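The values are calculated or read from the model by the stated rules, or taken from the named source; none is laboratory data. Remember, it's a predicted structure, so these values are computed and weren't measured experimentally. Note: ideal-geometry Cβ built from the backbone for every residue, glycine included; neighbour counts use all protein chains shown.
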Amino acid sequence: MSTGLSGMRAAWSAMEAHASNIANVETPGYRRVVASDVAQAGGGVDTRVARAASPGAAPADDLVGMLAAKDSFAANLSVFKRGDEALGSLLDAVG
């Protein structure tokens, strides 16, 4: 379940980064926020968020990124739910 949860957190961070970029597409001098995933040693994923080195907008990339983050969140939510169901079944069998 923790792997699914970390995936949902990573997807949420990516969604926030892309949303910030879209919201600031007309802001002069705005440097895009870039989110990148980093694998955790014990499983799961962390997200690193940093500013781009130079100003510039990429709204098409951010819209595609938002769609990918939405799909990633949904997939990880499914993993989390299946883990919860499996844990519930195990507790029912034991208890």
Quiz prompt | Filter result (outside any helix (DSSP H, G or I), touching a Pro at 6+ places or on another chain (Cβ under 7 Å) and not basic (Lys, Arg)) within region 7-40 | solution = 25, 29, 30
Self-check item: Matching residues in region 41-82 - criterion: being closer than 14 Å to residue 8 by Cβ and of a type in the set (S, T, N, Q)
Solution: 47, 72, 76, 78
Quiz item: Which members of region 26-54 meet the condition of being of a type in the set (A, V, I, L, M) and loosely packed, with under 13 Cβ neighbours inside 10 Å?
Solution: 38, 39, 41, 50, 53
Practice problem: Only residues that are farther than 26 Å from residue 2 by Cβ and touching a helix residue (DSSP H, G or I) at 6+ places or on another chain (Cβ under 8 Å): list them for region 34-68, please. | Solution: 57, 58, 59, 62, 63
Self-check item: Matching residues in region 66-84 - criterion: being more than 21 Å from residue 35 (Cβ to Cβ) and hydroxyl-bearing (Ser, Thr, Tyr)
Solution: 78
Quiz item: Can you spot a residue in region 72-84 that is surrounded by fewer than 15 Cβ atoms within 10 Å (Cβ to Cβ), part of a helix (DSSP H, G or I), free of Cβ contacts under 8 Å to residues at least 12 places away in the same chain and acidic (Asp, Glu)?
Solution: no
Practice problem: Search region 44-68 for residues that are at negative phi and pair each with any residue that is part of a strand (DSSP E or B) and charged (D, E, K, R) when their beta-carbon atoms are under 7 Å apart and the residues are at least 6 apart or on different chains. | Solution: 45/37; 47/37
Exercise. Look through 56, 29, 88, 44 and report the one residue that is modelled with pLDDT under 95 and touching a Gly at 6+ places or on another chain (Cβ under 8 Å).
Key: 44
